[in-house]
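**Q** Can you read through this structure? Questions will come right after.
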Amino acid sequence: MEVRGREETERWIKHYSSAHSILLVGEGDFSFSLCLAMAFASATNIVATSLDSYDDLIKKYKNAKANLAYLKVLGASLLHGVDATKMRILPVFQWKKFHRIIFNFPHAGFYGREDNPDLITMHRNLVRGFLMNASSMLLPDGEIHVNHKVTAPFGSWNLEDLASEYFLLYVGQDDFRIEDYPGYNNKRGSGFRSDEPFPLGECRTFKFKLWPGVQGFDLIQTMPPEFQVPVKMQQQPVPLVRPSRYNDVHLSNGLRLNIDHKKECHRIFGAYLDHVEQTFGSTSYDVYHSVREALRLGFEMYMAAEPGRPPSGYIGILEELHHLCVLRSQRLRQMLLTLDQQH
């Protein structure tokens, strides 16, 4: 489908437009990327990645070399050796955001029966790592799409629950039909049958987007999209300071994590607050960039402190940070008044 009336003709195929910046991860023989590129008559808006190296790709898939060559001619950015669970730390993605991030049929490998609980856990951890990374790489109006089989046991992966762990809102699902993507060939991707297709059966395109920012106080609203917080359905007001500096965060395994918000806030943001005070009044100080970077690094420090920490526990630390920022702002304003009176 074409949409006219713009400087250039916009072309569509299903959910994807030539006007979108698109990231594809976990590509097999790159036939899905090429399908989109052919529909758009260009691939300049496409970044396509694979976990395999280039040499491994052309050994595993008979059409990979030709597909990659066509994509390169059409202007695609092609990256290999990209782990979808760690991709956001790559320099090439540091400042890059996308309208659509697509993972077709994520799979951790063939290690036995698909209904084996341990294997399902491996699959879920792959998707969990992908969503954690992709959530920080979306434009505000962007979407993450995961094409996935919904028949048993694949439906037990519970993609919606995994997405909610990373402040992603489930916005729906559409039937996935391979015939809607001419030229796309799904591949097993591992073992001596890597180049063979796997049975699709009933499949859906699961769609997720970022939750809107929490309404209540300005600090949260300045957070970059990857760290925005889900708004509770009951729309209860968020207190600026909790009754206790400790908060029990419930983990998925039934245990509770006791977090000292005040101590954690000073550990994570103490240096940032000192820096703000030292640079107070500087005309070259970029407040917006500084806040975004502090929140990004703060979240990474929080998550790295203890394996398995739920992201939701970060909220109490941000509330403590807001309280400290209010107090410091009042003190800095008082300093300005004092200086004015002295002059």
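The values are calculated or read from the model by the stated rules, or taken from the named source; none is laboratory data. Values in this document were obtained by computation on a predicted structure and should not be read as measured data. All Cβ positions, glycine included, derive from the backbone under ideal geometry; neighbour counts span all protein chains shown.
**Q** Consider Pro140 carefully, then state whether it is exposed (fewer than 15 other Cβ atoms within 10 Å of the Cβ) and either among the basic types (Lys, Arg) or touching a residue at least 40 places away in the same chain (Cβ under 8 Å) (or both).
**A** yes
**Q** Looking only at segment 9-36, filter to residues that are outside any loop (DSSP other than H, G, I, E, B) and among the charged types (D, E, K, R); which one of those is surrounded by the fewest Cβ atoms within 10 Å (Cβ to Cβ)? Walk me through it before giving the result.
**A** Applying the first criterion (outside any loop (DSSP other than H, G, I, E, B)) to segment 9-36 yields 10-13, 16-17, 22-25, 31-36.
With the extra rule that they be among the charged types (D, E, K, R), the set shrinks to 10-11.
On the way: Glu10: 16, Arg11: 18.
The selected residue is Glu10.
**Q** On to the next question. Checking Glu293 against (1) surrounded by 14 or more Cβ atoms within 10 Å (Cβ to Cβ); (2) at pLDDT below 80, only one condition comes out false. Which one?
**A** Here Glu293 clears every test but (1).
For (1) among the charged types (D, E, K, R); (2) modelled with pLDDT of 80 or more; (3) buried (at least 19 other Cβ atoms within 10 Å of the Cβ), each residue gets a yes or a no:
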site: Tyr181; (1), (2), (3): no, yes, yes
site: Lys187; (1), (2), (3): yes, yes, yes
site: Arg193; (1), (2), (3): yes, yes, no
site: Pro199; (1), (2), (3): no, yes, no
site: Leu210; (1), (2), (3): no, yes, yes
site: Ile220; (1), (2), (3): no, no, yes
site: Pro224; (1), (2), (3): no, no, no
site: Gln235; (1), (2), (3): no, no, no
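**Q** Please determine whether any residue of segment 95-104 is modelled with pLDDT under 90 and farther than 16 Å from Ala163 by Cα.
**A** Yes: segment 95-104 contains one or more residues that are modelled with pLDDT under 90 and farther than 16 Å from Ala163 by Cα.
**Q** Of the conditions (1) part of a loop (DSSP other than H, G, I, E, B); (2) at pLDDT 90 or above, Lys65 satisfies every one except a single condition; which number is it?
**A** (1)
**Q** Restricting to segment 61-77, count the residues that are surrounded by fewer than 20 Cβ atoms within 10 Å (Cβ to Cβ) and either in the same structural domain as Arg292 (by TED's automatic domain parsing) or not polar (S, T, N, Q) (or both). Quick ask: steps written out before the conclusion?
**A** Start the filter on segment 61-77 by keeping residues that are surrounded by fewer than 20 Cβ atoms within 10 Å (Cβ to Cβ), which leaves 62-63, 65-66, 69-70, 72-75, 77.
Subset that is either in the same structural domain as Arg292 (by TED's automatic domain parsing) or not polar (S, T, N, Q) (or both): 62, 65-66, 69-70, 72-75.
Number of matching residues: 9.
**Q** Separate question: Can you name the residue in segment 83-105 that is free of Cβ contacts under 8 Å to residues at least 60 places away in the same chain and touching a helix residue (DSSP H, G or I) at 6+ places or on another chain (Cβ under 9 Å) and, of all such residues, is surrounded by the fewest Cβ atoms within 10 Å (Cβ to Cβ)?
**A** Checking each candidate, the answer is Gln94.
**Q** Given the options Met38, Met1, name the one that is at pLDDT 95 or above and more than 26 Å from the chain's Cα centre (by Cα).
**A** One residue alone meets the criteria, Met38.
**Q** Another one. Considering every residue within segment 144-165, establish whether at least one is over 27 Å from Phe198 (Cα atoms) and surrounded by fewer than 20 Cβ atoms within 10 Å (Cβ to Cβ).
**A** yes
**Q** Collect the residues in segment 41-60 that are crowded, with 17+ Cβ neighbours inside 10 Å and either acidic (Asp, Glu) or under 24 Å from the mean Cα position of the chain (by Cα) (or both), keeping them in residue-number order.
**A** Residues satisfying the conditions are Ala43, Asn45, Ile46, Val47, Ala48, Thr49, Ser50, Leu51, Asp52.
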